[in-house]
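Participant: Got a structure here, written out as structure tokens. Questions coming.
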Amino acid sequence: MIECDVAIVGAGGAGLFCALEIAKRRKDLNIVVFSEVFPTRSHTGAAQGGINAALANVAKDDSPERHAYDTIKGSDFLADQEAVFRMCELAPKIIYELEHMGTPFSRLENGKIAQRPFGGAGFPRTCYSADKTGHVILQTLYEQCIRHGVKIIYDFLVLDLVKDENKIAGFVGLDLVTGKLWGVKAKAVVLATGGFAKIYWNRSSNCLGNTGDGVAMVLRQGLPVKDTEFVQFHPTGLRRSGILVTEGARGEGGYLINNKGERFMEKYAPSKMELAPRDIVSRAIETEIREGRGFKDEEGYEYVYLDLRHLGRKKILERLSQIRELSIDFEGVDPINEPIPVRPTAHYTMGGIHTDINGKTPLEGLYAIGECACVSVHGANRLGGNSLLDILVFGKLAALDITENTKLKEGNFSSKALAKAEEKLASLFESKDKEENAFKIFKELGNALWNGVGVFREEKSMKEALEKVMELKDKARYLTIKDKSDSYNTELLFSLKLLNALDVAPSIIIPAIERKESRGSHYRLDYPKRDDENFLKHSLITLENGEYKLSWKDVEITRYQPEERKY
Ligand SMILES: Cc1cc2nc3c(=O)[nH]c(=O)nc-3n(C[C@H](O)[C@H](O)[C@H](O)COP(=O)(O)OP(=O)(O)OC[C@H]3O[C@@H](n4cnc5c(N)ncnc54)[C@H](O)[C@@H]3O)c2cc1C
């Protein structure tokens, strides 16, 4: 048994910043961060484009209020407005804290932190470090955690939460190095396990780990998840792999081009063009492809072009060097000389574990922060650059709540919890009459989700997708693991991740079927209009006795009344 005061699950930006903020305030607390991967390999490190804050370094009229308004409008009015204001007001402070810790931001001529334009934003507001912003933030936070003595246990997969009636008691996890199961007792548990967009498989920009483990664990405890039907499709994933080409490429002036050589965004968002919000640009690309104005290669991949050639060699090398490398390595295309073939890719999950503004879930002592949580500040569509901000702001607020407001209490850790986990693993290794393979099922899951709850949705295809997912859940009972080794058993790891993805998938489809309107990233061909009268509401999903139950919750509208979202 491992014992601690605060156990943080996840070593991305959210988990590390929360740990750091607690460690700086309370030397008496024993804080341990647990992570499936080495901290700096968390998906935060893949963030390219930047982080939003109204510093007004480039546009002097910018302000936290304007940032909040853009975020609320971008969310298609589904975000809770006081939470958005809190985030935008704290944003400049967070950037200066990062700067003072040593984050190497790109600079303007006058030495101030540089800011670039990003989709849906009224002013250039996105602070960046070339096209490696997440990488430099994560490295900085990791160094600071080491400096402040935060303990980090990595190569450790958390399997399931353990509760004591209405209080968290800890969790059970698997040491991936030895194959040994551990009980972890903690007075407070903070889930920071990241998003679940990888469950769309190779139509995703996310890393392999982003299967929504935290969301699945919370569902299995009968706790609610919120707005899970809202999945953001980033307009520009590389044609074959879904790997991301940052919005910064359009922020720097890149064009989207169809097979007629037209800058087709003119038809869809004449004022913002390529810098309209992501849902609008993704639908525009998919419409061009559907209506025969896209390209198709000999392998059957369909795409449009992102053209950066007019930016010139110097700018591309200086500001978009990683994009250039990715395009060369994964598409064989050098953007200095050729346009990049792109198509929308599942990128970000607006929904997640239902929490209040301090990251608290309805279970005492259990918090959720970062992409796995839904506060909500992104509503039906997140603006680029707002997630790196969200993970830090709410990582901080959860840390403040834990250190200042909460009396940490121990829960009783039932010995049955370990036995249950042991049984789960034993049944996966059991091979009698079983021959299903996790990789095959995962691929089928990705296809079902892309076809049912992709960029365009309608009742028939969503119902088919739900049926398929339920069929795959059933198939997964016959999963068997051929590799019997204890150490770094990747087949076991992958199977456990698949089981989480399968628990999460229905929570995307069920509210998507019932939300009979189009809002933000949720676009229905059969209900193409937003319907505020019936659906200006958050969806909540719980899993009770194997059944997914849907309910609705009011949106907090305190400052801006919903209006039509035009760009
Ligand atoms: C390619 C890409 C580019 C992006 N670019 C931007 C951008 O420019 N600006 C922006 O604002 N946002 C961007 N985003 C979104 C943003 O990066 C993420 O939303 C954010 O970094 C998520 O941070 P996190 O700390 O919540 O989770 P992550 O960084 O995903 O970390 C999750 C952590 O949880 C751990 N974990 C998961 N499951 C388990 C388990 N079962 N047991 C133990 N540990 C577990 C992992 O090991 C990892 O440490 C981008 C996302 C992608 C995919």
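Participant: Given charges of +1 on the Cβ of Lys and Arg and -1 on the Cβ of Asp and Glu, with all other atoms neutral, how large is the dipole of the chain about its Cα centre, in debye to the nearest 20?
Facilitator: 660
Participant: Given an 8 Å cut-off on Cα distances and at least 6 residues of separation, report the relative contact order of the range 1-85 as a percent.
Facilitator: The normalised contact order for the range 1-85 reaches 23 percent.
Participant: Mind checking which of ASN500, PHE429, LEU308 is farthest towards the positive end of the chain's charge dipole, using Cβ charges of +1 (Lys, Arg) and -1 (Asp, Glu) about the Cα centre?
Facilitator: The Cα lying farthest towards the positive end belongs to LEU308.
Participant: From the helices alone, meaning DSSP H stretches of at least four residues, give me the mean residue ellipticity at 222 nm for the chain, per-run term -39500 (n - 2.57), in deg cm²/dmol to the nearest 500.
Facilitator: Theoretical 222 nm ellipticity from helices: -11000 deg cm²/dmol.
Participant: Please state the shape class of the range 27-107: rounded when a/c is under 1.5, otherwise prolate if a/b exceeds b/c and oblate if not, all from the C-alpha gyration tensor.
Facilitator: prolate
Participant: Also: List the residues, sorted by chain then number, that are 5 or more residues from GLU436 or on another chain and whose placed amide H is less than 5 Å from its amide H.
Facilitator: The answer is LEU479, THR480.
Participant: What is the dipole size for the range 222-304, taken about its Cα centre, with +1 at each Lys and Arg Cβ and -1 at each Asp and Glu Cβ, in debye to the nearest 20?
Facilitator: Details: 13 positive and 15 negative charges, 28 e Å.
The dipole of the range 222-304 has a size of about 140 debye.
Participant: Here's another thing I want to ask about it. Report the extension gain between GLU471 and LYS440 in nm, rounded to one decimal, defined as 0.36 nm multiplied by the number of residues separating them, less their alpha carbon distance.
Facilitator: Between GLU471 and LYS440, full extension yields 9.8 nm more.
Participant: For the range 1-45 and the range 436-511, write down the distance between their C-alpha centroids in whole Å.
Facilitator: For the range 1-45 versus the range 436-511, the Cα centre distance is 29 Å.
Participant: If you don't mind, another one. Around PHE17, under 12 Å between beta carbons, what's the net of Lys plus Arg minus Asp minus Glu among the other residues?
Facilitator: Values: positive: LYS24, LYS396; negative: GLU21, GLU97, ASP390.
Net charge in that neighbourhood comes out at -1.
Participant: Still on this model: What order, most packed first, do the peptides 134-146, 469-481 have when packing is the mean number of other Cβ atoms within 10 Å of each residue?
Facilitator: So the order, starting with the most tightly packed, is 134-146, 469-481.
Participant: Could you rank the peptides 187-196, 391-400 by their average count of other C-beta atoms within 10 Å per residue, with the highest value first?
Facilitator: 187-196, 391-400
Participant: Related question: Collect residues whose amide H, placed 1.01 Å from N in the peptide plane, falls under 5 Å from the amide H of VAL190; neighbours closer than 5 in sequence don't count.
Facilitator: Amide H to amide H, under 5 Å and 5 or more residues apart or across chains, VAL190 pairs with ALA7, ILE8, VAL9, TYR367.
Participant: Just check the range 148-277 against the gyration tensor rule for me: Cα atoms, a ≥ b ≥ c as the square roots of the eigenvalues, rounded for a/c under 1.5, and otherwise prolate or oblate depending on whether a/b exceeds b/c.
Facilitator: It comes out prolate by the Cα gyration axes.
Participant: Please report, in whole Å, how far the alpha carbons of the range 225-293 spread along each principal axis, starting with the longest.
Facilitator: Projected onto its principal axes, the Cα set of the range 225-293 covers 43, 27, 24 Å.
Participant: Find how many whole Å separate the alpha carbon centroid of the range 133-153 from the alpha carbon centroid of the range 236-291.
Facilitator: Using only Cα atoms, the two centres lie 35 Å from each other.
Participant: With a ≥ b ≥ c the root eigenvalues of the C-alpha gyration tensor of the range 287-410, is it rounded (a/c under 1.5), prolate (a/b larger than b/c) or oblate? Let's see the in-between values first.
Facilitator: Numbers: a/c = 3.71, a/b = 2.28, b/c = 1.63.
Here the range 287-410 falls in the prolate category.
Participant: Please report how far the C-alpha centroid of the range 397-422 lies from that of the range 194-210, rounded to the nearest whole angstrom.
Facilitator: Using only Cα atoms to place each centre, the spacing works out to 28 Å.
Participant: May I ask you to order 510-518, 425-433 by the average number of other C-beta atoms within 10 Å around their residues, highest value first?
Facilitator: 510-518, 425-433
Participant: What percentages, rounded to whole numbers, describe P(r) for the chain computed over all alpha carbon pairs with 10 Å bin width beginning at zero?
Facilitator: Bins of 10 Å from zero give 4, 19, 30, 28, 15, 4, 0 percent of pairs.
Participant: Once you charge only the Cβ atoms, +1 for Lys and Arg and -1 for Asp and Glu, what is the size of the charge dipole of the range 132-186 about its Cα centre, to the nearest 20 debye?
Facilitator: 160
Participant: Set the Förster radius R0 to 35 Å, insert the Cβ-Cβ distance between ILE328 and ASN259 as r into 1/(1 + (r/R0)^6), and round the FRET efficiency to 0.05.
Facilitator: About 0.90, to the nearest 0.05.
Participant: What net charge is computed for the residues neighbouring LYS180, neighbours being all others with C-beta under 11 Å from the C-beta of LYS180, Lys and Arg scored +1, Asp and Glu -1? Numbers along the way, then the final one.
Facilitator: On the way: positive: none; negative: ASP175, GLU422, ASP486.
Computed value for this residue: -3.
Participant: Something else now. Length gain on complete extension for the stretch LYS432 to SER485, per 0.36 nm per residue less the alpha carbon to alpha carbon distance?
Facilitator: 17.3 nm
Participant: At LYS420 and ASN110, where each label point lies 7 Å from the Cα along Cα→Cβ, what is the point-to-point distance in nanometres?
Facilitator: For the pair LYS420/ASN110, the computed spacing is 5.9 nm.
Participant: Please list, ordered by chain and number, the residues whose modelled amide H lies under 5 Å from the amide H of SER129; skip anything fewer than 5 residues away on the same chain.
Facilitator: Here SER106 satisfy the definition.
Read-outs throughout are calculated quantities, based only on the coordinates presented, and are distinct from any laboratory measurement. Being a predicted model, the structure only gives us computed values, none of them experimental. Methodologically, a virtual Cβ is constructed for each residue, glycine included, from the backbone with ideal geometry; neighbour enumeration extends over all protein chains shown.
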